[in-house]
Amino acid sequence: MNALDLIAAKRDGLPLSGEAVSFLVRAFTRGDLPDYQMSAFLMAVCLRGMDEAETASLTRAMLESGVRLSWDAPGEAGLRVGDKHSTGGVGDKTSFLVGPLAAACGVAVPMIAGRGLGHTGGTVDKLEAVPGLCAELPLARLTAQVREIGLAISGQTPEIAPADGRIYALRDVTCTVESIPLIAASIMSKKLAEGLQALVMDVKCGRGAFMREEERARELARTIARIGAAHGVAVTALVTAMDQPLGVAAGNAVEIEEACALLRGERPEGCEDVRALSLELAGHLVFGAGAALSVQEARAMAARALQSGRAFEIFCRMAAAQGGDAALLRRPGLLPQARERLLLRAPRAGFVTRCDALGLGKACVRLGAGRSVLGERVDPAAGILLLAKEGDRVAAGEPLAELRASSPERLDAALSLAAEAYGVGEEMPVLGRLVRGVLSSLPGGGVSTRS
Ligand code: URA
């Protein structure tokens, strides 16, 4: 087989056989296919797409580039293992709630998470904002921690879908993220490697999501659910709106602060969407893993775990086990703080009609909270606090957002993007629903859809 012929075939819109897809992935993982040829292939996939069989082959090839965890050691019979994953958004800190909530309800969560991709934030970058916390755990430590505490959140280890690790990094810097087969295969290769029984997916749609249109997000959700069903994993995918950021913080330490406030049982203003979505995702995960008889019961169990502080204790134990200073999570203001701050003010009185997640995500990158080139270091303290969101009434000159960075130059670079992200008008905007649909895999391989 010749890599150039295969790249050309995909460029011309021809479907590739399973062997061909596997050949390319294996050659790339071995280092025999250079980055520029893999980039050309990825761009061809972005433009031409892949059918269901090709997507399944890509997922399998990436999964088989590494190991698959198993949770059937003596004494582990009956262990329920599940995970949550998001396709990527701005201000999305739900993983820090869903993981501990599920663990508190009896579902072990070996969460393999990613770094920021494009304008979206990454769970691993956010966790590393906790001083001392290691979010790149060796596999043996990750599995031991899951067995002991019920939860570990870590970046991809070299053993878990290494082909995805390298392809993901390349996609981030070659504008090849927004592709249904590439996203589905990337997510599912990692998730299948975790040896899960259940997966809850948050598939974002809207201005700040990789899938802008709801219909494309549903297609991604269906693709993921079908891959899960084919591998015996119960997948529930919630299609959720990502037009404006979730909650009130976007960045790294600021998002951990917000998640901890919610885990401590506080109800900060503007964070109700994060709390509600986290409980919904946790409910589907706990039910999918078989730890409750219905989603309603599972949601109620998760709500009790939040209220009682049990989920927060698990999060703190996890942070400490990973080397983090958990005392810094118990009170606000102790995580890294930015030296420079700037208020963005409303240009006129009215209603906030737009609080654009894409623009604010890009502004976060300029502030230093994300990266523009491969391997760049992110600033744990950089980010944005949203002081007004869609539907809020503001007076002229009232603060809309606070930008945080380590230098005035960074603030300047982000200011115009943040200002353009906000719209203030006379009419109260119509606010859409956060959860737009729920799709679940069926044991026979089909997918059921609600709303
Ligand atoms: N999350 C992933 O793991 N992969 C993608 O391609 C996009 C989001």
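The values are calculated or read from the model by the stated rules, or taken from the named source; none is laboratory data. Because the structure is predicted, anything quoted here is derived from the model rather than measured. Cβ coordinates were reconstructed from backbone atoms using ideal geometry, including for glycine residues, and neighbour counts include every protein chain displayed. Remember, those area values only see protein heavy atoms, side chains included, never the ligands or the DNA or RNA. Shrake-Rupley method; radii C 1.70, N 1.55, O 1.52, S 1.80 Å.
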Inset, instruction - Of all residues in region 175-184, count the ones that are within 12 Å of the ligand (Cβ to nearest atom) and outside any helix (DSSP H, G or I). - result: 4
Inset, instruction - Please work out which one of (1) modelled with pLDDT of 95 or more; (2) out of contact with any helix residue (DSSP H, G or I) (no Cβ under 8 Å at 6 or more places or on another chain) is the condition Glu376 fails and give its number. - result: (1)
Legend entry - Yes/no for Ile187 being crowded, with 23+ Cβ neighbours inside 10 Å and near the ligand (Cβ under 10 Å from one of its atoms): yes
Inset, instruction - Could you figure out which of (1) farther than 22 Å from Thr236 by Cα; (2) within 10 Å of the chain's Cα centre (by Cα); (3) more than 15 Å from the ligand (Cβ to nearest atom) isn't true of Lys93? - result: (1)
Inset, instruction - From the list Ala144, Ala77, Ala104, pick out the single residue that is without any contact (Cβ under 8 Å) to a residue 40 or more places away in the chain, more than 14 Å from the ligand (Cβ to nearest atom), closer than 30 Å to Gly265 by Cα and open to solvent by 10 Å² or more (accessible area, probe 1.4 Å). - result: Ala144
Inset, instruction - Could you list all residues from region 80-109 that are under 16 Å from Gly290 (Cα atoms) and assigned to a loop (DSSP other than H, G, I, E, B)? - result: Arg80, Cys105, Gly106, Val107
Inset, instruction - Kindly provide the set of residues from region 201-227 that are within 14 Å of the ligand (Cβ to nearest atom) and hydrophobic (A, V, I, L, M, F, W, C), ordered by number. - result: Met201, Val203, Cys205, Ala209, Phe210, Met211, Ala217, Leu220, Ala221, Ile224, Ile227
Inset, instruction - Filter region 351-378 for residues that are farther than 16 Å from Ala421 by Cβ, in contact (Cβ under 8 Å) with a residue 60 or more places away in the chain and open to solvent by less than 30 Å² (accessible area, probe 1.4 Å) and give the result. - result: Val378
Inset, instruction - Out of Asp164, Asp172, report the one residue that is within 16 Å of the ligand (Cβ to nearest atom), open to solvent by 30 Å² or more (accessible area, probe 1.4 Å), charged (D, E, K, R) and over 27 Å from Phe287 (Cβ atoms). - result: Asp172
Inset, instruction - Under 7 Å between Cβ atoms, at least 6 apart or on separate chains: pull out the pairs that start in region 294-312 with a residue that is within 12 Å of Ala282 (Cα to Cα) and end on any residue that is assigned to a loop (DSSP other than H, G, I, E, B) and of a type outside the set (A, V, I, L, M, F, W, C). - result: Leu306/Gly265
Legend entry - Thr120 being modelled with pLDDT of 95 or more and polar (S, T, N, Q): no
Legend entry - Qualifying positions in region 110-130 - assigned to a helix (DSSP H, G or I) and buried (at least 24 other Cβ atoms within 10 Å of the Cβ): Thr123, Asp125, Lys126, Leu127
Inset, instruction - Test each condition in (1) open to solvent by less than 70 Å² (accessible area, probe 1.4 Å); (2) aliphatic (A, V, I, L, M); (3) without any contact (Cβ under 8 Å) to a residue 24 or more places away in the chain for Val430 and report the one that comes out false. - result: (1)
Legend entry - Long-range neighbours under 7 Å by Cβ, at least six apart or interchain, first residue at pLDDT 95 or above within region 181-201, second basic (Lys, Arg) and in a helix (DSSP H, G or I): Leu182/Arg171; Leu199/Lys191
Inset, instruction - Select, from Ala20, Ala108, Ala73, Ala61, the only residue that is of a type outside the set (Phe, Trp, Tyr) and assigned by TED's automatic domain parsing to the domain that holds Glu178. - result: Ala108
